[in-house]
1. Could you tell me how many of the residues in segment 413-429 are surrounded by fewer than 21 Cβ atoms within 10 Å (Cβ to Cβ) and either touching a Gly at 6+ places or on another chain (Cβ under 9 Å) or of a type in the set (Val, Ile, Thr) (or both)?
2. Out of all the residues in segment 417-456, which are of a type in the set (S, T, N, Q), assigned to a loop (DSSP other than H, G, I, E, B) and closer than 29 Å to residue 352 by Cβ?
3. Quick check on my filter: what residues within segment 438-462 are within 31 Å of the chain's Cα centre (by Cα) and aromatic (Phe, Trp, Tyr)?
4. Given the condition assigned to a helix (DSSP H, G or I) and of a type in the set (Ser, Thr, Tyr), answer yes or no: does some residue in segment 480-500 qualify?
5. Being closer than 30 Å to residue 207 by Cβ, more than 25 Å from the chain's Cα centre (by Cα) and not hydroxyl-bearing (Ser, Thr, Tyr): is that true of residue 465 here?
6. Could you tell me which numbered condition residue 408 fails, if it satisfies all but one of (1) assigned to a strand (DSSP E or B); (2) within 28 Å of residue 206 (Cα to Cα)?
7. Can you tell me which residue within segment 139-175, out of those that are small (Gly, Ala, Ser) and in contact with a strand residue (DSSP E or B) (Cβ under 8 Å, 6 or more places away or on another chain), is farthest from residue 107 (Cα to Cα)?
8. Would you point out the residue of segment 160-178, among those that are under 26 Å from the mean Cα position of the chain (by Cα) and within 21 Å of residue 400 (Cβ to Cβ), that is surrounded by the fewest Cβ atoms within 10 Å (Cβ to Cβ)?
Amino acid sequence: MIRRLFRWLIRTVVTVAILIVAAAAIDFYSHQIRRGSFLLVKIDGPVLERASVGLLSRVTGRTETPLNVMRKALSDAAKDSRIAGVAVEVLNPDLAFAKAQEIASMMREVSKSGKPVLAYLETAGEFAPGNLEYLIASSADSVSLMPQGEINLVGLQIREIFARGTLDWLGINPQFEAIGQYKSAPNVFTEKGFTPAQREEDTALVESLFNQLVDAVATYRHLSADSVRALIDRAPLDAKTALSSKLVDRLEYEDQFLDRIRHYNGKKRKLVNYIDYARPSLLPTLKPVDRIAVIYGSGEIDRVGGGVDPLGQVGGTLDTRTMSEAFRQVRKDDTIKAVIFRINSPGGSVIASELIRREVEITARKKPIVVTMSSLGASGAYWVATAANKIFAEPATITGSIGVLAGKFNIAPAAAKVGVNSEAISRGKNITLFDEFTDFSAEQQQMLRGVLLQNIYDEFVTRVAESRKLPVEQVQQIAQGRVWTGEQAFKLKLVDSLGGFDAALREAKAEAKIPADHEVELVELPAQPGFVSQLFGTAEARALLDQYVFGKLARLAPMLRMQLITPALAGLLYSHAALDAGAHHDGCASSAMTY
């Protein structure tokens, strides 16, 4: 028996050893790259902050572009003597302005290293604006366009939706209070058109973003700003016009583009997929490196939620539990020298924002924290960022919105229209404050606005003044719930510098006294669960699945009731104060920002 067990143990050890050696060999040879190769980057589908679980994305058939993987690949390629250049295919990306700026900056850094960056566009928009696709491609040294493609460099707009008339028709009375004259998130429910403050705010945003677009294209394509504006007013442009206008350098199909890369400068080139190139080796490095944590905070800020969206985007909500665990893990790990907090959020719950801010504050006492804002870092997300050592934003990042709002809908008139009556027996003078079948009383309205919201707003302004080292009076002037672009926020001293992740990494090294040219290991948090744990087994996985499937259905329920049963029950109750950027964030129902 013992001999049989010993033989089994020996066979197992030998089998494992063979598997390890085989895996190491495969890994070694898969990382061998022929000198003179070109890195191939395809930008297609949703541009995510970081890669989702690979197998899951394959099962769902979803095309994604992970920004963290692209960043590593381009950064490494710029320094890799085996890589002769970069070919970028801009296909059908789904992204916001700030992410397009960051990708363009990464491509320019490769070009500055002396390696050619060549871009291919199928089309920049198809019966739709294509500003961001073109912005990315224009940053390359050479731009190719498919012969039937278009350059829909048509400018941009913010279109607001106002549903007060519909709510009046349904008999739903919106009850909202906001501190800050520019806190426009409730306007979709409370107004029938632009307020003067909202019109002023949106106009300033459009002007800033439009000028950034014009200046970037003019710089990248070596054109005057006036000529770019003239081309925008002529767009959409067909391929031949784009070529003659110097917006593109070649008209060719994808196969012709790739064939030209494979024979660039008369030499045979191998194309290396950027995801394979950036994949870390299984073989451990023997060279000691310093470690910097990268904590990703994406989505609406809430006390519960978070986790994984099985359709791709990790961190559907920026929740206190997940964020707290990440920051506590960083504090306990002595090998981590600094933290980069990557924020992409429109804001959310006051309570959740303060709980996360507190974790940032405690961590910042032990290790430097640098915030880098992606597309969004507004309202509650800006509240969270105030505890960091430094704040970075892209010129097009939507930030600021230092204000607060709260409210509810009174659906009693709508219910009465369809014969639904509701009565209640209550104890407590202000129990109806959160009741969707009553209006606020004058006293409750005063309490909500003059005490609860005002106290939160004053605290918000004070925190900003202290963290940014600005007089309270100055912060009061730039607060008022107003949304700013990163470019505007930098001038107002709400952010320290303009730049993306790479700029934040350089600052984090400096804060941690790590030499700028030293390599660092980036530890990404929160940890992503594997494919199986997302779908099966653990209580947490089942909770995530329940949250995603049934949570989505629950959100649809009011819409279904409105469409199929009765408008009277379509109310939505905001029973807590919220720090929310409102109309100016991705996917908000109240407005559409067209790029």
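The values are calculated or read from the model by the stated rules, or taken from the named source; none is laboratory data. Source: prediction; values computed, not measured. No Cβ is skipped: glycine too gets one built from the backbone with ideal geometry, and neighbour counts run over all protein chains shown.
1. Filtering segment 413-429 for residues surrounded by fewer than 21 Cβ atoms within 10 Å (Cβ to Cβ) gives 413, 416-429.
Those still in the list that are either touching a Gly at 6+ places or on another chain (Cβ under 9 Å) or of a type in the set (Val, Ile, Thr) (or both) too: 413, 416-418, 420, 425.
Matching residues across segment 413-429 total 6.
2. In the first step, residues of segment 417-456 are kept if they are of a type in the set (S, T, N, Q); the result is 421-422, 426, 430, 432, 438, 441, 444-446, 454-455.
So of that shortlist, the ones also assigned to a loop (DSSP other than H, G, I, E, B) come out as 421-422, 426, 430, 438, 441.
Once the filter is applied, which keeps residues that are of a type in the set (S, T, N, Q), assigned to a loop (DSSP other than H, G, I, E, B) and closer than 29 Å to residue 352 by Cβ, segment 417-456 yields 426, 430, 438, 441.
3. Taking segment 438-462 first, the residues within 31 Å of the chain's Cα centre (by Cα) are 452-462.
Hits for segment 438-462 are 457, 460.
4. Residues of segment 480-500 assigned to a helix (DSSP H, G or I): 486-491.
Subset that is of a type in the set (Ser, Thr, Tyr): none.
Checked segment 480-500: no residue is assigned to a helix (DSSP H, G or I) and of a type in the set (Ser, Thr, Tyr).
5. Numbers: closer than 30 Å to residue 207 by Cβ: yes; more than 25 Å from the chain's Cα centre (by Cα): yes; not hydroxyl-bearing (Ser, Thr, Tyr): yes.
In short, yes.
6. Tallying (1) assigned to a strand (DSSP E or B); (2) within 28 Å of residue 206 (Cα to Cα), residue 408 fails exactly one: (2).
7. Only one residue tops the list, namely 149.
8. Initial filter on segment 160-178 (under 26 Å from the mean Cα position of the chain (by Cα)): 160-162, 178.
Add one more test, that the residue is within 21 Å of residue 400 (Cβ to Cβ), and what stays is 160, 178.
Working: 160: 20, 178: 26.
Selected residue: 160.
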